[in-house]
Amino acid sequence: MTNTTRKNAYADEDARLAALHALALIDGEPIREFDSLVALAADMLGCPTALINLVDRDTVWIQASNAPAPRQIDRHDAFCDRTIATDAPVIIPDLTADTRFAMTPLVSAGSRFYAGAPIHARDADGVRHAVGTICVLDVAPRSLNAAGEGALVHLATLAESLITARRTAQDALHIAMRGETLLGALAEKDRIFRQAERIASMGSWRVTLPEYKVDWSENVYRIHDVPLGQQPTIDTALDFYPAAARDYVQAVIQATIDEGKPFDYETDFVTAKGRQIRVRAMGEPEIVDGTVTAIIGVFQDVTDRYRLEQQLRRSADTDALTGIANRAAFDRELERAMTRARRDDTPLLLVLVDLDGFKDINDSLGHDAGDEVLRRTAQALRQPWLAQCHPARIGGDEFALIVSDPALARDPDLLRERIEATLRIPVDADGIVMTSAGSIGIAALDSDMQSLRDFARRADSDLYAAKRGRVGIGRHRRAREAA
């Protein structure tokens, strides 16, 4: 693809580039939350590599990565160029089968699967443009279902929110600092500033020292649900914070007074009407002749962004295909279950499941049939008689179950038989019927097991014996040991 072709691939490349450069991200300070987003993307979609990229005229700048990555790559070689041109999620199940990318350096280095969603920014006229991407890469061809694509789009939306919030907060803080000397004479700018505050759910404030006189802009009153002009004091301003947060906020303000440190914190908040929201506060000292004479800053309602972020973090504990817990969430729950069992002297079983015949189904009937087997396996492990158990998908075709129900834990052999019967799943594709089954390994927690790894190893040994009994000595696919 030539530069000319690339420029024509996007409807208005010049406007797109203007929107990108206006963000001042390429040479600016990185957004630290991006690191959390790429880690989240890798966990949610089960890919070893996740990236956030900004697509410049000839270069793709890698802003965040959960794995070692170069600072930049040539746009001609980047899969994200196609996502920018399409301005929609792009999924390439097998890069070697796509003539546009089969010979690129990233494919030569081992990349086989790509999924990316565009990240947008607005230009000076308010038009949205795709300026970058969030994407995942894998070293093997694979598919991505609708839930996975939806998760990728949600992460792109959150990245856009983080970029907008960062830019708005910085702009508002600068306006607040300049506004102190301009408000008296520049009424029109004051009106524009108040409009900007309302749009951004943000207000400005000032604490004058040493008398601790507090002044709020109109939107700070709105965020607090306090009538306009009901003059607050420093104490009444702190009353809106939960008790556990007040000491921290006071310490932050005192550090600014004593040491001239700026601050930026986020915390829960309860308004005068009892609304529970999330707020962010940024502040800087105003220094005259070496003495802090005031603290000025901005105050923002970030509830919507915070709730979206929390929802995505909850999603990070869930396997996108099956809807049950993923490996990381399962390991945490198993640690907690082991602690409870030792403390209360109650029984605890760890069940490992390895699907027999899954590879044959996947190879013969296709990835859709394989995905259906995985979904139905998860459903089987959530049947009512297993309601007190905790199921998870811990690998490609590997599942696990934490059993703390005393009735089920009393007879492991019967439990094995019932689970094996439950996991006999027929799959029909184009008239061809194949059956998936599961080999079961079970271990009971005892005093010899000092760690999660010991527990998993014991269950894995039982799984190996079960597989030998089912198909003879063959390949042993060990359940991955817990870190």
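The values are calculated or read from the model by the stated rules, or taken from the named source; none is laboratory data. Keep in mind that this is a model prediction, so the values were computed, not measured. No Cβ is skipped: glycine too gets one built from the backbone with ideal geometry, and neighbour counts run over all protein chains shown.
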Test set (1) buried (at least 20 other Cβ atoms within 10 Å of the Cβ); (2) in a helix (DSSP H, G or I) - G441 fails condition number: (2)
Boolean, A294 is touching a helix residue (DSSP H, G or I) at 6+ places or on another chain (Cβ under 6 Å) and either buried (at least 18 other Cβ atoms within 10 Å of the Cβ) or more than 25 Å from A456 (Cβ to Cβ) (or both): no
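Can you pull out the residues in the stretch 396-419 that are closer than 16 Å to I361 by Cβ and part of a loop (DSSP other than H, G, I, E, B)?
Those that are closer than 16 Å to I361 by Cβ and part of a loop (DSSP other than H, G, I, E, B): G396, D397.
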Search result, residues across the stretch 253-280 that are surrounded by 15 or more Cβ atoms within 10 Å (Cβ to Cβ), among the hydroxyl-bearing types (S, T, Y) and either in contact with a His (Cβ under 8 Å, 6 or more places away or on another chain) or within 20 Å of T303 (Cβ to Cβ) (or both): T267, T271
In the stretch 214-238, the residues that are surrounded by fewer than 14 Cβ atoms within 10 Å (Cβ to Cβ) and outside any helix (DSSP H, G or I): P227, L228, G229, Q230, Q231, T233
Enumeration of residues in the stretch 20-38 that are surrounded by fewer than 21 Cβ atoms within 10 Å (Cβ to Cβ) and either touching a residue at least 40 places away in the same chain (Cβ under 8 Å) or not in a helix (DSSP H, G or I) (or both): A22, L23, A24, I26, D27, G28, E29, P30, I31, R32, E33, F34
All positions within the stretch 364-416 that are among the basic types (K, R) and touching a helix residue (DSSP H, G or I) at 6+ places or on another chain (Cβ under 9 Å): R393, R416
Top-ranked residue of the stretch 363-411 - restricted to ones that are among the hydroxyl-bearing types (S, T, Y) and either at pLDDT 95 or above or closer than 21 Å to A443 by Cα (or both), ranked as surrounded by the fewest Cβ atoms within 10 Å (Cβ to Cβ): S404
Of all residues making up the stretch 86-133, the number that are outside any strand (DSSP E or B) and either of a type outside the set (S, T, N, Q) or more than 26 Å from E160 (Cβ to Cβ) (or both): 27
Residue within the stretch 279-286 that is in contact with a helix residue (DSSP H, G or I) (Cβ under 8 Å, 6 or more places away or on another chain), touching a residue at least 60 places away in the same chain (Cβ under 8 Å) and closer than 19 Å to H154 by Cα present: no
Breaking point among (1) farther than 30 Å from A255 by Cβ; (2) in a strand (DSSP E or B); (3) of a type in the set (D, E), for E284: (1)
Hey, F299 among the aromatic types (F, W, Y), surrounded by 15 or more Cβ atoms within 10 Å (Cβ to Cβ) and within 20 Å of the chain's Cα centre (by Cα) or not: no
Residue within the stretch 197-207 that is at pLDDT 90 or above and either part of a strand (DSSP E or B) or assigned by TED's automatic domain parsing to the domain that holds E286 (or both) present: yes
Exclusive hit being under 30 Å from the mean Cα position of the chain (by Cα), more than 30 Å from D428 (Cβ to Cβ) and in the same structural domain as V433 (by TED's automatic domain parsing), set L350, L355, L374: L350
Any chance D428 is assigned by TED's automatic domain parsing to the domain that holds L355, over 35 Å from the mean Cα position of the chain (by Cα) and modelled with pLDDT of 90 or more: no
Every residue from the stretch 420-437 that is in contact (Cβ under 8 Å) with a residue 40 or more places away in the chain and assigned to a strand (DSSP E or B): I425, V427, A429, I432, M434, T435, S436, A437
Some residue of the stretch 48-70 being part of a helix (DSSP H, G or I) and without any contact (Cβ under 8 Å) to a residue 12 or more places away in the chain: no
Residue among Q250, Q310 that is within 20 Å of the chain's Cα centre (by Cα), of a type in the set (S, T, N, Q) and surrounded by fewer than 18 Cβ atoms within 10 Å (Cβ to Cβ): Q310
